[in-house]
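The values are calculated or read from the model by the stated rules, or taken from the named source; none is laboratory data. Note that the structure is predicted; figures quoted are calculated from it, not measured. Cβ placement follows ideal geometry from the backbone for every residue including glycine, while neighbour counts extend to all protein chains displayed. Side chains included, ligands, DNA and RNA excluded: accessible areas come from the protein's heavy atoms. Shrake-Rupley method; radii C 1.70, N 1.55, O 1.52, S 1.80 Å.
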Amino acid sequence: SHPVQKEDSHRTDIKEIWAMLEKSHLDLLPPSLPKWKPFHIGLAQSNKGSSLHSFYDFISFPNQSYLILNGEYEYNQVEALAYTGLLKGMIQTLAAEYKNKKLNPIHFMTTLNELLSTHRGNPKFYFHLLALFPTDDRLSFISCGYPPLVHLPQDPASPRLLNNENPLLGLDSQHQFSETTENWAEGSTLILHSFNPTSEKETNKAFQEDLFKKISSTHLAPQAQAKALFEGLSRELFSLKEGSFKSVFTIHRI
């Protein structure tokens, strides 16, 4: 009932608050793409500043194994920032356990899932885990509610989908995760993305055919390829829920 003091120097407006939130969100993400010798990485994505519910990270281990993680809190709401910070803290704690032992993707995901699902807020995430073992020419892939990984061998005319179906991360504390493993040869490219069509079978088929066509016709360096694919998918295949975060990672094995 009191008059608003418009000139109050202590007043913080909504734009300033949102700028603080965006800064906090960016602090949770890597400042740049890693320079890993076995492969080159490209990344194109939605505006990070307006996507407080998004998360990604890159982790390397002393035994020449690598993790690429990509996630999205199930709701694009301001409280997502707190849950994204919680997720990052859990991931960093788990990653520290593998400094002196071999990375086990299933164990990593199972433990992370248990931690999230028993948290009081029960946060749930769409999530990708891609574990790379270049010394063994092998990869491991786990997807939770996100689309398949695309494996593009040296022959770009024959891309392959690597798929497994798991519920959202944090949904079921007892879930037994499905994992896809495959040989990973030099000269091949992996496409990790979060664009998803509707669940109708025919729509999915058309989506994948169009995606394969875009990938096969895009012969660029990883960063340029990620940008080109992101722009093409955003323009033609953006049929997901409003405000959801989108990203395209390209990983080219040297």
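Of the residues making up the stretch 92-103, those that are out of contact with any helix residue (DSSP H, G or I) (no Cβ under 7 Å at 6 or more places or on another chain) and either among the aliphatic types (A, V, I, L, M) or at pLDDT below 95 (or both) are 95, 96, 97, 98, 99, 100, 101, 102, 103. A single entry from 198, 203 fulfils the requirement of being open to solvent by 40 Å² or more (accessible area, probe 1.4 Å), over 30 Å from residue 122 (Cβ atoms) and at pLDDT below 75: 203. The number of residues in the stretch 115-145 that are assigned to a helix (DSSP H, G or I), open to solvent by less than 30 Å² (accessible area, probe 1.4 Å) and not aliphatic (A, V, I, L, M) comes to 2.
Within the stretch 147-162, the set of residues being touching a residue at least 60 places away in the same chain (Cβ under 8 Å) and open to solvent by 20 Å² or more (accessible area, probe 1.4 Å) comprises 156 only. For the stretch 219-242, filtered to residues that are in contact with a helix residue (DSSP H, G or I) (Cβ under 7 Å, 6 or more places away or on another chain) and modelled with pLDDT of 80 or more, the residue that is most open to solvent (accessible area, probe 1.4 Å) is 220. Would you check if residue 172 is of a type in the set (Asp, Glu), in contact with a Phe, Trp or Tyr (Cβ under 6 Å, 6 or more places away or on another chain) and modelled with pLDDT of 90 or more? Taking the combined requirement at face value, the residue does not satisfy it. Note on the stretch 73-97: residues that are open to solvent by less than 10 Å² (accessible area, probe 1.4 Å), under 16 Å from residue 122 (Cβ atoms) and either in a strand (DSSP E or B) or of a type in the set (A, V, I, L, M, F, W, C) (or both) total 2. Only a single criterion out of (1) outside any strand (DSSP E or B); (2) under 19 Å from the mean Cα position of the chain (by Cα) is not satisfied by residue 150, namely (1). For residue 52, the conditions (1) touching a residue at least 40 places away in the same chain (Cβ under 8 Å); (2) farther than 20 Å from residue 190 by Cα; (3) surrounded by 14 or more Cβ atoms within 10 Å (Cβ to Cβ) are fulfilled apart from (1). The C-beta contact set for the stretch 96-117 (first residue in contact (Cβ under 8 Å) with a residue 60 or more places away in the chain, second residue among the polar types (S, T, N, Q), distance under 7 angstrom, 6+ apart or interchain) comprises 105/140; 113/173.
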